[in-house]
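A quick write-up on the structure given underneath.
The values are calculated or read from the model by the stated rules, or taken from the named source; none is laboratory data. Please read these numbers as outputs of a predicted model, since none were measured by experiment. Cβ atoms come from the backbone with ideal geometry, glycine included; neighbour counts cover every protein chain shown. The accessibility values were calculated without ligands, DNA or RNA, using every heavy atom of the protein model including side chains. Shrake-Rupley method; radii C 1.70, N 1.55, O 1.52, S 1.80 Å.
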Number of protein chains: 2
Amino acid sequence: MNDNFLNYDVSNYRTPDGYTSDIAVFTIISTEVGQYKPPEKTLKIMLIKRTEKTKEGHSNLEGGKWALPGGFIKPEETAYEAAVRELSEETGITGLRIKHFGVYDQFGRDKRGWIISNAHYAIVPENKLVKRRAADDASEVELFSMDEVFQLDLAFDHKQIIEEALWFIKKDMSLTTVAKNFLPKQFVLSELQGVLLTVMDEPWLKLDAQFFRKAPSLPFIEKVVKDGVPQKTNRWSKNKAQLYRFNDFEPYVSIYNAKY
Amino acid sequence: MNDNFLNYDVSNYRTPDGYTSDIAVFTIISTEVGQYKPPEKTLKIMLIKRTEKTKEGHSNLEGGKWALPGGFIKPEETAYEAAVRELSEETGITGLRIKHFGVYDQFGRDKRGWIISNAHYAIVPENKLVKRRAADDASEVELFSMDEVFQLDLAFDHKQIIEEALWFIKKDMSLTTVAKNFLPKQFVLSELQGVLLTVMDEPWLKLDAQFFRKAPSLPFIEKVVKDGVPQKTNRWSKNKAQLYRFNDFEPYVSIYNAKY
DNA sequence: ATAACAATTAACGAATTGTTAATTTAAAAA
DNA sequence: TTTTTAAATTAACAATTCGTTAATTGTTAT
C-alpha cells in the first residue's frame with residue numbers, strides 16, 4: 001500500500017467502521033413419517049445465540065438474541081473467504097457451496113457504527129450438521145424452521161437478511177442444480193421431489209403422476225447403472241426404486257422459450 | 001453510534017480504507033443497416049477516462065486508463081444509493097434500473113489500501129444517453145462494444161468486474177423482463193428479437209420462423225390495441241408490423257419443467 | 001404491372017403434456 | 001400360503017405445443 005496515495009485521495013472520505021460477513025446456513029432435515037414412506041423434509045436455518053457478555057466481561061451488543069453466524073473480515077481475506085472460515089470455525093463444516101447474495105450497508109443497522117455486512121448462504125446436507133458445535137462468541141447453536149425463525153427476536157437486521165436469503169435459495173433451487181447439495185450422491189426421485197417441495201411450490205411438482213413421468217428424462221440427472229444393471233434401493237419403499245445421480249449437465253432456461 | 005461499543009468491540013479489528021460503488025452502464029445502440037430493415041443492435045458499455053491529475057494537481061492513481069464510473073460511498077448512504085447518485089452526477093441520467101451484482105474486496109485490488117467495491121449495473125435506453133456528460137473526475141465518457149472493451153487497458157480490476165457484469169446481464173435478460181429497459185414503450189417483435197440477440201444466442205431466437213410464431217403468445221407482452229384496433233407501425237419495414245408492450249406479468253421458470 | 005421483401009397465417013407431422021389406468025414388487029396382514 | 005397394501009413404474013391417449021415449410025398479405029421499388 002502506498003501512503004502517498006492514501007494521503008490525498010482516500011483520507012478525504014470517512015471510512016467504514018467495520019466489514020463483516022454473515023452466513024445463512026440452510027439444511028433440510030428429514031423426519032420419519034412411517035415405515036416404507038419417504039420421510040418428510042423441512043427446510044431449517046442454523047442460528048447462534050449471542051452471549052450476554054463478551055469475553056472481556058462487557059455486556060454484548062444484541063446479546064441473548066439469535067443471530068446468523070458471522071464476524072469481522074480480516075484485511076487479508078475477502079468476504080467470501082471470511083464466510084468459509086467462519087462457517088468452519090463455528091460449525092466445523094468445510095467444503096460446502098457458499099454463495100454471496102447481498103450487501104447490508106444501511107447506516108444505523110449496527111449501533112457500533114458504519115458497519116457493512118456481506119451476506120452469504122450455505123447449503124449443508126443434514127448428515128454434516130451432526131457434528132456442529134458452538135464457537136467462542138456463540139453460546140448456543142440451533143436449527144429453526146422458517147416458521148419458527150420469523151417468530152424470534154433476531155439480532156441486528158438479520159430478519160431481513162434471512163428473508164432475502166430464503167428468496168435467493170428458492171431462486172437457486174429453481175434455476176440451478178443446488179438441490180444436489182441437499183441430497184446424498186445417489187438418491188431416489190421421491191427424495192428429489194421432497195427436497196424441491198421444501199422451497200418450491202409449483203403444482204406439477206406435487207402431482208406425483210406428472211413429476212414421476214417427467215423427472216426420469218431431466219438432462220441433469222441420470223440413472224445409476226452398474227455393469228449394465230440399474231441400481232435400485234428400497235430405502236423408502238417396499239418396491240425397489242431406481243437410484244439417480246446428478247451429472248455435469250448445466251441446465252439453461254429462459255423466459256422466452258419456457259412453458260406457461 | 002455508541003462509543004462505548006466501539007471501544008472494545010470494533011477497534012480490535014482493522015477497518016477498511018474505503019468503500020466504493022462502481023456502475024457498469026449498458027446500453028444497446030442501433031445502427032441503420034438499410035432502409036426498411038430493422039437496425040442492427042449492439043451492446044455497449046459506458047466507461048470514463050480517468051484524469052492524469054487530480055483536482056489538487058497530484059498524479060491520479062490509474063490516471064489515463066478507462067474505468068467504470070463510480071466513487072466513494074458516503075456513510076449516510078448505501079452502496080445502492082451511491083450508485084444512483086454517481087450515475088446521475090456523471091451522466092445526468094436518473095430513474096433507471098440499477099442492480100447490485102458483486103463485491104470486489106480482494107486486498108491489493110486498489111493500491112490506496114483495503115478498498116471494498118460494490119458493483120452495480122444499469123441499463124439505459126439508447127436515447128437517454130445522448131445527453132451524457134463527463135463529470136468532475138472524468139475527462140472523457142465513451143461507449144465501447146464488448147469486443148472493444150476487452151482490448152483496453154482498464155483501471156483496477158475493472159476488466160474482471162465488466163466480465164462478471166456481462167454474465168449477469170445475460171442471465172437477467174434470460175430470466176427477467178429487463179429487455180424492456182432497452183426498448184421503447186411500444187415495440188415490434190423484430191426489435192425485441194434484436195435486443196435479445198445482443199446478449200443471448202439461443203438458436204431458436206435466430207430462427208425467425210420459430211421466434212415469430214412463439215413470441216406473440218408470450219404472457220408478459222401484449223399487443224397494443226386502441227379502440228379495438230390493433231396498433232401497427234411501419235417503422236422498420238414496408239409491411240406494417242404489430243406493436244407490442246410489456247405487461248405486468250412476472251414470468252417464473254424452473255429447470256425442472258423446462259424444455260431441453 | 002410485377003418483383004422484392006418483411007410480416008403474418010396456415011398447415012402438418014413430431015414431440016411433449018396432463019391425466020387416468022394398469023402393472024409390478026415386496027413387505028405385512030390374514 | 002394367500003391376500004392386502006402402497007409405492008414405483010409403465011401404458012395409453014387425447015390435447016397441446018413444437019419445429020418446419022409453405023402460402024398470403026401489404027407495401028415499396030423497378
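Tabulated data
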item	result
Residues of the stretch B:194-223 classified as touching a residue at least 60 places away in the same chain (Cβ under 8 Å) and of a type in the set (S, T, N, Q), total	1
Members of the stretch A:219-240 found to be modelled with pLDDT of 90 or more and within 10 Å of DNA strand C (Cβ to nearest atom), listed by number	A:K232
Scan of the stretch A:151-178 for residues that are outside any helix (DSSP H, G or I) and among the polar types (S, T, N, Q), ordered by number	A:Q151, A:T176, A:T177
Failed criterion for A:A119 (all others in (1) open to solvent by 30 Å² or more (accessible area, probe 1.4 Å); (2) within 13 Å of another protein chain (Cβ to nearest Cβ) hold)	(1)
Test: residue in the stretch A:189-203 that is within 10 Å of DNA strand C (Cβ to nearest atom) and modelled with pLDDT of 90 or more	no
Residues (open to solvent by less than 90 Å² (accessible area, probe 1.4 Å) and touching a helix residue (DSSP H, G or I) at 6+ places or on another chain (Cβ under 8 Å)) located in the stretch B:215-236	B:A215, B:P216, B:I221, B:W236
From B:D136, B:D147, residue being surrounded by fewer than 17 Cβ atoms within 10 Å (Cβ to Cβ) and either at pLDDT 85 or above or assigned to a helix (DSSP H, G or I) (or both)	B:D147
Whichever residue in the stretch A:53-71 is more than 16 Å from A:H158 (Cβ to Cβ) and touching a residue at least 40 places away in the same chain (Cβ under 8 Å) and, among such residues, is farthest from the other protein chains (Cβ to nearest Cβ)	A:K55
Matching option when the condition is within 14 Å of another protein chain (Cβ to nearest Cβ), open to solvent by 30 Å² or more (accessible area, probe 1.4 Å) and not polar (S, T, N, Q), among B:K128, B:K159, B:K99	B:K99
Residue in the stretch B:1-15 that is at pLDDT 90 or above and either open to solvent by less than 40 Å² (accessible area, probe 1.4 Å) or more than 10 Å from chain A (Cβ to nearest Cβ) (or both) present	no
Residue match in the stretch B:69-92 (condition: under 30 Å from B:R235 (Cα atoms) and surrounded by 15 or more Cβ atoms within 10 Å (Cβ to Cβ))	yes
A:F107 aromatic (F, W, Y) and assigned to a strand (DSSP E or B)	no
Condition met for A:E32 (surrounded by fewer than 18 Cβ atoms within 10 Å (Cβ to Cβ) and within 14 Å of another protein chain (Cβ to nearest Cβ))	no
